Structure formats: C-alpha cells, structure tokens
1. Out of the residues in segment 51-64 meeting the condition of being outside any helix (DSSP H, G or I) and on the phi < 0 side of the Ramachandran plot, tell me which one is surrounded by the fewest Cβ atoms within 10 Å (Cβ to Cβ).
2. Out of 241, 206, which single residue is under 21 Å from residue 261 (Cβ atoms), in contact with a strand residue (DSSP E or B) (Cβ under 9 Å, 6 or more places away or on another chain) and in the same structural domain as residue 191 (by TED's automatic domain parsing)?
3. I'd like the full set of residues that are surrounded by fewer than 16 Cβ atoms within 10 Å (Cβ to Cβ) and touching a strand residue (DSSP E or B) at 6+ places or on another chain (Cβ under 7 Å), limited to segment 297-352.
4. Of the residues that make up segment 41-50, is at least one at pLDDT 95 or above and either assigned by TED's automatic domain parsing to the domain that holds residue 209 or buried (at least 17 other Cβ atoms within 10 Å of the Cβ) (or both)?
5. Kindly indicate whether residue 220 is on the phi > 0 side of the Ramachandran plot, at pLDDT 95 or above and in the same structural domain as residue 174 (by TED's automatic domain parsing).
6. May I ask you to list the residues in segment 255-286 that are in a helix (DSSP H, G or I) and more than 21 Å from the chain's Cα centre (by Cα)?
7. So, in segment 151-165, of the ones that are within 16 Å of the chain's Cα centre (by Cα) and crowded, with 21+ Cβ neighbours inside 10 Å, which residue ends up nearest to residue 218 (Cα to Cα)?
8. Filtering segment 30-40 down to residues that are in a loop (DSSP other than H, G, I, E, B) and either out of contact with any strand residue (DSSP E or B) (no Cβ under 8 Å at 6 or more places or on another chain) or closer than 28 Å to residue 168 by Cβ (or both), which residue is modelled with the highest pLDDT?
C-alpha cells in the first residue's frame, strides 16, 4: 500500500469529472482522476442527445456527432401526434463512448493523473482508498470531488443527504428505420411511462436508441417491455440505472464537493445531466482554484453551491415546477393538450424557442398565446 499527495482528487471519469479535471490542471493544480471503467463502453442509460451549446461547452467538435436533430414527433397517450420542426439543428446525437474517451484523454494530455480501472472504496478525512491492480492504495488530497454519478459512493461516505426523487431509466438499441432520420420520437402517457416519457432516437444508420424512464422503480422493466412489444421492437441487452431529478440539499461538506449527477444537477424535464454538469465545472473551477491557491478555509467552498443555485440551478428549479405540473395531468388532459398545441403558430413558437437546456423559455412564450387559451376552452 502506497500513498500519494494531490491538491484535488476527482472520483468519476465521465464527462463532468473529466472536464473539471482538465480545467483544474490548466490552472496548474495537481489533479488525480479516478475512473472505475478500464474501457469506454456505452453508458447504461445515456441517450447521447446534447445541444450544440453543450457540445461547445465540452470543448470537443463534431467528430463525436453521429446525427443532427432538427425536430421530433410527440405522441399523446391516444396515439395523436404533433410534429415540431426547426430550420436549424436543435440537438446532436453523439457517440457517447468516444465522447467520454476523448474527454478523459484530453485530461491526461493536460497533466491530470488518470487511473483507469480504479475503484473508489472509502474516504477517511483527506485520504481516499481505492482498489487498483489487485490491491488497495491510499491517495491524499486537499479537496475530494465526487463526480461518480447518481449512486455516488463519495456522497454516501461523506454523509451527504440522499437524493430521494429519482427515476428508473432503461434503454436498448434496436434495428429501426425512422420516418425521418433527423427527428426524435417522444411518447407520453401514464400507461406508457408514468410521470415521464419514452423515446426513440435515431443513432447510427438503421439503428435507434430506445428508452423509457418512470418513477415507478419496481415496475420500470415491465413498462419498458410493454412499450417495445407494442411496437414490435426487438431489444438487444437492456441497460438501466437511476436518474436523479432533484438536486441534493448540499453540494459541499467539509473538504468534499459533489458535481454532476452526484449532486443531482440534472434537468427534471428531460433527465439530461451533461449540460448542467458542464456549467457546474465552470463555477467549481473558479472556487477550487482560489481555495487551493490562496489557502482559504473549507467554508469558502460553499460559494460554488451558491453560485450554481443562482445561475443554472434557477433554471432547474423552474424545470422541477414544470415537471410537477406535468405529472399531475392524466392521459385525457395530455391528449387534449397535444391537440391544442397542433396549431401552425404554436408549433412555430415551439420550434423557434424550444431549448433542451432552458425549457422554461418556450413555456414563457406559450403561456400568453391566445390560441392556447381559446382552444383550451373547448375541453370537456
């Protein structure tokens, strides 16, 4: 058993952990990045849909883009659908394994010590215990960052309050020929995916990523199988995992800081965590660099949490309110809402102002619209 000293130890080599490590190393900090994977296979539940804004924020280019998405079909519980189409790409379907691999390679090239195939075991003050090469090793860091996902072991070891509002997400890959290869398909309804939705996203040619998320944790697999069978889709291996849709009450405790899914920094409207997590890396970097370089006390780290909650966190809070409102709607109301939205002017507003990273923007545009309210008066 050996011991090494770092200024920052980041546990979790997904996009958020890799980008944060790179940013810190660019400021001259000694950083260790610990990642349990030894190779980059597709993540269990990531659909690989990100906005052009998010791709730019990652620092990578279109080498990771498989497909541009310009619109989508949204299906009501009764099968009625609307079509939303933009003149410009709204989303990219990315090669997620390559995305992760390039980000972690960039971290290493920047000077980060990257330990692949290394499992976080426990935390004792400034010491991190890891299992590596068949034995236990301790490493010491002034700051420990948990970027290890929704089931964060770092958070558990450090005594952070748990995230209670979670979904079960399930996904598979199937042979599929979409109506349009630049459209996604979204399926709503309590009978399909209670309190969330199902999706079909075209990926490589002739292949789609098909998934479903719901808050019915125990019944998630059954809902997913029903969805696939109803559409005669033959799944390959099904991957699943928890998706947090609320932020933790705290991101910082002592010398431990949480980021990304580990902090619950996930959009409640879509379950996507890459954009809010990448935004968090910008804020965290400023705070961590000053904390280390100026030798500030641990209480200064709470600045990161305050900044995050007042910026991107405020959008997630609005998204949470929207998600709660949607969850109160039964299938009859959802059927009616999609008919109300199926109006040329409204569809154009959705196409123009729809934003995967800031969904509240399109809601603010739609609420004052007379067409929405006039058609709603006909609902019985």
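1. 61
2. On inspection, the qualifying residue turns out to be 241.
3. Correct list: 302 only.
4. Within segment 41-50, one or more residues are at pLDDT 95 or above and either assigned by TED's automatic domain parsing to the domain that holds residue 209 or buried (at least 17 other Cβ atoms within 10 Å of the Cβ) (or both).
5. no
6. Listed by number, the list holds a single entry, 286.
7. Ranking the candidates gives 163 first.
8. 36
The values are calculated or read from the model by the stated rules, or taken from the named source; none is laboratory data. Bear in mind the structure is a predicted one, so any value in this text is a computation, not a measurement. All Cβ positions, glycine included, derive from the backbone under ideal geometry; neighbour counts span all protein chains shown.
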